[in-house]
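Derivation of every value follows stated rules applied to the coordinates shown; laboratory data play no part. Just so you know, these numbers come straight off a predicted model, no measurement behind them. Ideal geometry is used to build each Cβ from the backbone, glycine not excepted, and the neighbour counts take in all protein chains shown.
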Amino acid sequence: MPSAFYAWAVRFGAKNVSVFADEDQTTLPQRASIEEICAAPMPEPIRLSENHRNTQEIARVAEHFHKSRTLPPAIVRRPRSGNIPTVEKVKTWSEVVTLVKNRLKNRGESIGVIVRLADEAETLKSMLQKELPSSRIDAYTSKNKSGSEKNIQLMTPGVTVLTGESAIGLEFETVYLQDLGKV
């Protein structure tokens, strides 16, 4: 939320505001920093020191991108789960399609494929639809019309192709991250 939101909330009677995120979880530049949230004219912030939302694996990935020097990452309290992440080197989008297709056919999971560019998301969606005609294949990028994200069913078996900008806060049973070498 923009930092002005907190002053507005107090002005209109808010006695407390709950913020369950951090400055690393944003897609917009108009957001408050941890310092600005702590300086808001409200009671002293209560920091949640335990993370019951993420698994150890996800928390370790998030900590790699954690930039705050104000607050350390919370301690994870969920047990380990899932397969150990692996790196699959592929040279073509066709190889990516084969990996995703096989995973969906064998596991029937909710799969996320995160790409860098909006055009890549549409290309990959089309390729997956040809290979998996009876499966749910969605794509969402910043080029989509506002509100179209409501049509995506993340928790049902199928594939959702997104750009990195659109992937914050989403959960899948399996995720493929493309072009990590360019990040």
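Under Stokes-Einstein, with the Kirkwood radius over Cα pairs standing in for Rh, what whole-number D in µm²/s applies to the stretch 93-182 at 4 °C and 1.567 mPa s?
Details: Rh = 12.9 Å.
The diffusion coefficient I find is 100 µm²/s.
The GluC sites (Glu not before Pro) of the stretch 121-183 that meet both conditions, a loop assignment by DSSP and at most 13 other Cβ atoms within 10 Å of the site Cβ, are Glu171.
How high is the FRET efficiency from Val90 to Glu165, r the C-beta distance, R0 25 Å, rounded to 0.05?
On the way: r = 22 Å, r/R0 = 0.88.
After rounding to 0.05, the efficiency reads 0.70.
Considering only alpha-carbon pairs that sit under 8 angstrom and 6 or more positions apart, the relative contact order computed for the stretch 93-182 is 42 percent.
Express in nm, to one decimal, how much length is gained between Leu154 and Ala62 on full extension, taking 0.36 nm for each residue of separation and deducting their alpha carbon distance.
On the way: separation 92, 0.36 × 92 = 33.12 nm, distance 2.03 nm.
Length gained between Leu154 and Ala62: 31.1 nm.
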